[in-house]
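Trainee: First the structure, then my questions, so here it is.
The values are calculated or read from the model by the stated rules, or taken from the named source; none is laboratory data. Just so it is clear, the structure is predicted and the values come from calculations on it, not from any experiment. With ideal geometry, Cβ positions are generated from the backbone for all residues, glycine too; neighbour counts draw on all protein chains shown. Just so you know, the surface numbers come from the protein's heavy atoms only, side chains and all, with ligands and any DNA or RNA stripped out. Shrake-Rupley method; radii C 1.70, N 1.55, O 1.52, S 1.80 Å.
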Amino acid sequence: MATWTELGVVDEFPSGEMKLVELGKHEVVVLRLGQDVYAIRNSCPHAAAKICLGRVVPRIIADRPAPDAAVVEVERPVITCPWHGWEFDPRDGQAIADPRMRLKMWPAKLDGERVLVEI
Amino acid sequence: MTQSSASGRGLGRYKGLVIDADVHHTWPNDDVIMEYLPTARQAYRKAMRGAKRFFPGAGEFQNPYDIHRAEFFPEDGSSAGSSYDLLCEQLLDPFEITYAVLTHDDATFGLSGVRNPYFAAELMRAANDYTVDQWLSRDPRVLGSLILNTQVPEWAAAEVRRLGDHPQICQVLLAGASLDKPYGHPIFHPIYKAAEEMGLPVSLHVGYVGGMNPEMHAGGKTSFYAEIHTLWLQFFTTNMGSFIWHGVFEEFPNLKVAFVEGGAAWVPAFLWKLDADYRSLRSEVPWVKRLPSEYFRDHMRLTTQPIEYSKKREETVAVFEMMDGKDVLMFSSDYPHWDSDEPSYVASRFPAEWHDKMFYENAAGFYRLPSGAPTRATDASPFAIQPPVGG
């Protein structure tokens with residue numbers, strides 16, 4: 001039965017950075033983006049690389065192929081896999097380039113200063 | 001072909017409509033095409049001494065048995081593919097071809113390789129005017145391709161707009177990429193803008209090298225006809241990737257592209273690779289918004305000849321199932337080339353439930369043709385078919 005478990009306090013998780021927390025048999029990658037917090041299984045769905053070794057980078061999009069068409073979405077960063085560069089949306093774990101693939105995620109939230117995950 | 005011609009249609013159990021997506025035509029001799037060149041160019045050419053070869057490349061690689069089958073030459077010794085009567089006798093009538101898409105011939109594929117860009121542009125217009133005048137006007141079953149000199153894409157786009165609204169012009173045809181760039185490059189986008197405006201799809205045909213045209217394969221210059229004939233797929237892998245990575249189908253969402261005479265069995269593995277690299281490298285090409293395999297299925301088609309066959313039919317079918325072959329393959333005979341495929345030969349290699357799509361529906365959708373067969377050339381109007389539906 002899933003229960004809410006405290007992973008630490010908010011100051012231990014700088015916004016925009018991933019941090020690995022071991023919780024029993026689970027390796028939980030915690031990413032805080034401002035007041036939002038995400039808990040991700042430390043395994044890429046592609047080749048099982050450790051996601052915690054990846055990066056959180058701005059999302060780059062473009063409406064069309066043209067000079068200066070590419071723009072950065074600072075408010076919607078992506079997690080990149082350290083091995084093959086797959087990009088994932090931390091909000092739902094979905095791969096940017098292939099919606100059929102996604103990171104395993106657990107519900108997570110801030111409760112005051114506490115960071116909680118439901119596993 | 002002539003074997004089945006003598007005994008009937010030769011399509012086995014398939015009794016439906018047939019579009020032949022690759023039928024090569026040309027002019028009987030160079031005096032004929034001269035008449036379609038500007039007056040000054042005619043005078044200049046007539047005053048020339050020595051060799052008057054129009055196109056580079058032709059003949060550089062020689063099939064020891066000729067690239068045209070012996071029985072496809074007219075008795076008067078003119079070029080194979082230059083006789084409408086012979087086309088009717090050998091292909092259109094015996095196989096009851098509903099539409100035959102004329103795709104010019106090997107020499108004309110050197111058009112973009114002609115070093116003089118002004119002459120190349122004049123030859124482009126001459127080849128297209130000749131096609132309309134001498135072929136399309138004779139038979140509504142015969143559809144034309146606008147072959148382009150791509151050295152100056154704006155001139156090529158103008159050619160698309162000049163003749164693209166002819167009711168029997170069904171596509172734009174590109175061969176060697178003269179600017180040493182594959183065809184997804186934005187320098188060619190004026191051509192696709194014009195094609196989209198005119199409601200025409202684009203076909204890439206393998207073409208002759210030489211002059212301004214680059215090699216059609218990577219890794220160095222080859223030595224033999226056998227080599228280039230087996231490597232044509234490289235021309236298409238390069239260009240298929242180029243169309244994807246440059247986001248051509250985002251820029252021109254109604255554009256369709258076919259790859260003609262380069263086989264198709266290489267497609268599944270190439271799509272795997274394209275998709276894999278897109279998942280990893282998307283941020284370099286952020287205008288690419290979908291998996292390459294999705295663009296392929298929505299925008300690209302391939303003709304059958306010279307399609308690859310395993311000795312085991314089920315292996316062949318399994319490969320083409322991996323690329324949704326039932327939905328993306330378009331029958332082509334490649335008449336009058338040496339390795340032409342009879343419809344019956346192709347039909348026998350694929351499941352019967354694929355035939356309606358492979359022999360007609362896929363091509364009809366690609367060329368935006370009306371459903372049903374056209375009326376015959378003996379009707380009052382030589383253009384009895386309805387113009388393609390745009391959009």
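Trainee: Looking only at region B:60-75, how many residues end up being more than 13 Å from B:Ser340 (Cβ to Cβ) and surrounded by 18 or more Cβ atoms within 10 Å (Cβ to Cβ)?
Mentor: Matching residues across region B:60-75 total 2.
For (1) within 22 Å of A:Arg114 (Cα to Cα); (2) in contact with a Ser or Thr (Cβ under 9 Å, 6 or more places away or on another chain), each residue gets a yes or a no:
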{"site": "A:Glu6", "(1), (2)": "yes, no"}
{"site": "A:Val9", "(1), (2)": "yes, no"}
{"site": "A:Phe13", "(1), (2)": "yes, no"}
{"site": "A:Gly16", "(1), (2)": "yes, no"}
{"site": "A:Glu22", "(1), (2)": "yes, no"}
{"site": "A:Cys44", "(1), (2)": "no, no"}
{"site": "A:Ala47", "(1), (2)": "no, no"}
{"site": "A:Arg59", "(1), (2)": "no, yes"}
{"site": "A:Ile79", "(1), (2)": "no, no"}
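Trainee: Okay, next question. Since B:Val317 meets every condition but one in (1) within 28 Å of B:Ala352 (Cβ to Cβ); (2) outside any helix (DSSP H, G or I); (3) at pLDDT 95 or above, which condition does it not meet?
Mentor: (2)
Trainee: For region B:244-283, give me each residue that is more than 10 Å from chain A (Cβ to nearest Cβ) and among the basic types (Lys, Arg).
Mentor: Residues satisfying the conditions are B:Lys256, B:Lys273.
Trainee: Follow-up. Looking at the structure I just gave you, is B:Gly110 open to solvent by 30 Å² or more (accessible area, probe 1.4 Å) and at pLDDT below 95?
Mentor: no
Trainee: Which of the residues that make up region A:1-39 are at positive phi and open to solvent by less than 40 Å² (accessible area, probe 1.4 Å)?
Mentor: A:Gly8, A:Gly16, A:Gly34
Trainee: Moving to a separate point now. Return a yes/no flag: does region B:34-41 have any residue that is over 23 Å from the mean Cα position of the chain (by Cα), at pLDDT 90 or above and open to solvent by less than 30 Å² (accessible area, probe 1.4 Å).
Mentor: Checking region B:34-41: at least one residue is over 23 Å from the mean Cα position of the chain (by Cα), at pLDDT 90 or above and open to solvent by less than 30 Å² (accessible area, probe 1.4 Å).
Trainee: Another question, then. Please determine, by comparing only the residues of region B:322-352 that are part of a helix (DSSP H, G or I) and at pLDDT below 95, which one is surrounded by the most Cβ atoms within 10 Å (Cβ to Cβ).
Mentor: B:Pro343
Trainee: Going by what's in this entry, would B:Ala377 be described as open to solvent by less than 70 Å² (accessible area, probe 1.4 Å), under 22 Å from B:Gln90 (Cβ atoms) and at pLDDT 90 or above?
Mentor: no
Trainee: Under 6 Å between Cβ atoms, which residue pairs at least 6 apart in sequence (or on different chains) link something in region B:109-131 that is farther than 15 Å from B:Gly211 by Cα with a partner that is of a type in the set (Gly, Ala, Ser)?
Mentor: Pairs that qualify, where the first residue is farther than 15 Å from B:Gly211 by Cα and the partner is of a type in the set (Gly, Ala, Ser), are B:Thr131/B:Gly144.
Trainee: Check region B:81-89 and report whether any residue there is open to solvent by 10 Å² or more (accessible area, probe 1.4 Å), touching a Phe, Trp or Tyr at 6+ places or on another chain (Cβ under 8 Å) and under 23 Å from B:Asn63 (Cβ atoms).
Mentor: yes
Trainee: Just one of the numbered conditions (1) more than 9 Å from every other protein chain (Cβ to nearest Cβ); (2) under 22 Å from B:Asp277 (Cβ atoms); (3) in contact with a Cys (Cβ under 6 Å, 6 or more places away or on another chain) is not true of A:Met18; which one?
Mentor: (2)
Trainee: Within region A:49-64, is there a residue that is in contact with a helix residue (DSSP H, G or I) (Cβ under 6 Å, 6 or more places away or on another chain) and of a type in the set (A, V, I, L, M, F, W, C)?
Mentor: Yes: one or more hits.
Trainee: Assuming B:Val152 fulfils every condition listed in (1) in contact with a Ser or Thr (Cβ under 7 Å, 6 or more places away or on another chain); (2) open to solvent by 10 Å² or more (accessible area, probe 1.4 Å) apart from one, which condition is it?
Mentor: In the conditions (1) in contact with a Ser or Thr (Cβ under 7 Å, 6 or more places away or on another chain); (2) open to solvent by 10 Å² or more (accessible area, probe 1.4 Å), B:Val152 misses (1) alone.
Trainee: OK, next. Do we have any residue at all in region A:40-50 that's surrounded by 14 or more Cβ atoms within 10 Å (Cβ to Cβ), in contact (Cβ under 8 Å) with a residue 60 or more places away in the chain and not charged (D, E, K, R)?
Mentor: yes
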